[in-house]
């Protein structure tokens, strides 16, 4: 790392953390926009395969440095396997949803994941949830319903897959609490490997040979996601979760911008109202949990 960057990080760690986190959110949303663009030419499985392969190539030096002992040091392998399966479901659902719906709409559904976590925590983790958080959870679910714009359209495959995918994403966040002892590099490695394997199984059934112009975009999927993860991890080393976690919602802003610029989409008033309710609920739940000390460190809920 260049010396001037190290000096800046040391002098202003919190500001640097905020800027790096914002950059990570931009990279994640750019990755989603590229994925949406490519769903018009490639199957979801092929996108997942190529993206995961590109990410694995970048990840392998870090895995080598960490050592196989760290990668295989898993106290609850059953829970890790469940998390890996859910990340694959989440990825497939997300790419399928963005192939049919505006990017900002899909992002709205996925940003509801922390609400699902808060609702399921009493059942799966035995956590006590007071009336304030239950009220916030109910408000967040109402926001999801508003975003769905209740009508016969809410039962379309895209809407149903969006809800199922966001719920799977919520379970992956919940499983992270149960796997606190597992190294981050280990969880990233296994979920990336699962993406490679799952995508590989679909390749014989739906493979489109990319053109020379398309290969860079396909590889960019893996690069953007990997660099975004690196940025988020670095940001959390420089600033606390209370400062950084709310910045995840800037993804919705970028989703609206990219959707408008590249796809001519703009959210309806119902989608914007529902998104505002979901964000308000998620922020309240986050800060309430911080206040009562349920989590010593909270990673942001970042959609694929």
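The values are calculated or read from the model by the stated rules, or taken from the named source; none is laboratory data. Please read these numbers as outputs of a predicted model, since none were measured by experiment. We place every Cβ from the backbone using ideal geometry, glycine too, and count neighbours over all the protein chains shown.
What to note about this one:
- Within the stretch 210-238, residues that are outside any helix (DSSP H, G or I) have Cβ atoms under 7 Å from residues that are at pLDDT 85 or above and surrounded by 20 or more Cβ atoms within 10 Å (Cβ to Cβ) in these pairs: 210/218, counting only partners at least 6 apart in sequence or on another chain.
- Top-ranked residue in the stretch 77-129 [being over 18 Å from the mean Cα position of the chain (by Cα) and touching a residue at least 40 places away in the same chain (Cβ under 8 Å); ranked as nearest to residue 159 (Cα to Cα)]: 100
- Hey, residue 216 exposed (fewer than 15 other Cβ atoms within 10 Å of the Cβ), within 20 Å of residue 278 (Cα to Cα) and either within 18 Å of the chain's Cα centre (by Cα) or modelled with pLDDT under 90 (or both) or not: no
- Of everything in the stretch 251-274 that is farther than 20 Å from residue 113 by Cα and touching a helix residue (DSSP H, G or I) at 6+ places or on another chain (Cβ under 8 Å), the residue that is surrounded by the most Cβ atoms within 10 Å (Cβ to Cβ) is 259.
- Inside the stretch 239-262, residues that are free of Cβ contacts under 8 Å to residues at least 60 places away in the same chain and within 13 Å of the chain's Cα centre (by Cα) make up a count of 1.
- Some residue of the stretch 11-28 being part of a helix (DSSP H, G or I), in contact with a helix residue (DSSP H, G or I) (Cβ under 6 Å, 6 or more places away or on another chain) and modelled with pLDDT under 80: yes
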